[in-house]
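Take a look at the structure below.
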Amino acid sequence: MAKKYLRDNPLIDYTVIVIGAAMMGIGIGVFLVDARVVPGGVSGLAMAFHYLSGNTIPVGVLIWIMNIPLFIWGLKELGKEFGL
């Protein structure tokens with residue numbers, strides 16, 4: 001019964017996604033930016049551009065900007081229902 005509830009309840013999925021995103025944001029903001037460690041992916045590119053710009057463009061803004069084309073691509077490939 002509990003497994004079926006966990007599988008069919010989207011609120012739990014969204015809650016776990018929000019917790020994971022918050023942990024990732026805290027990890028980037030607290031540890032990686034201060035230590036000047038550049039990971040892979042969009043966050044790593046954003047941090048590299050942040051350092052190349054002389055720390056003038058915030059990392060979070062760059063991550064949002066770089067994720068917009070990926071989100072649009074995902075909508076095209078996976079459909080609007082997936083994006084919602």
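Exactly one condition in (1) part of a helix (DSSP H, G or I); (2) hydroxyl-bearing (Ser, Thr, Tyr); (3) modelled with pLDDT of 90 or more is false for Thr56; which is it? Among (1) part of a helix (DSSP H, G or I); (2) hydroxyl-bearing (Ser, Thr, Tyr); (3) modelled with pLDDT of 90 or more, Thr56 violates only (1).
Condition check ((1) outside any helix (DSSP H, G or I); (2) surrounded by 13 or more Cβ atoms within 10 Å (Cβ to Cβ); (3) at pLDDT 90 or above) across all residues:
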residue	(1), (2), (3)
Lys4	no, no, no
Arg7	no, no, no
Ile12	no, no, no
Leu32	no, yes, no
Val37	yes, no, no
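Taking the criterion of being loosely packed, with under 13 Cβ neighbours inside 10 Å and farther than 21 Å from Pro10 by Cβ, the residues of segment 65-84 that qualify are Ile68, Pro69, Leu70, Ile72, Trp73, Lys76, Glu77.
Filter segment 50-64 down to the residues that are of a type in the set (A, V, I, L, M) and closer than 17 Å to Met24 by Cβ, then identify the one that is nearest to the chain's Cα centre (by Cα). Checked segment 50-64; the qualifying residue nearest to the chain's Cα centre (by Cα) is Ile63.
Residues in segment 40-60 that are in contact (Cβ under 8 Å) with a residue 12 or more places away in the chain and among the β-branched types (Val, Ile, Thr) were compared, and the one that is farthest from Asp13 (Cα to Cα) is Val59. For segment 59-84, the tally of residues that are on the phi < 0 side of the Ramachandran plot and either outside any helix (DSSP H, G or I) or among the β-branched types (Val, Ile, Thr) (or both) stands at 7.
The values are calculated or read from the model by the stated rules, or taken from the named source; none is laboratory data. Because the structure is a prediction, the values reported are computed rather than measured. Note: ideal-geometry Cβ built from the backbone for every residue, glycine included; neighbour counts use all protein chains shown.
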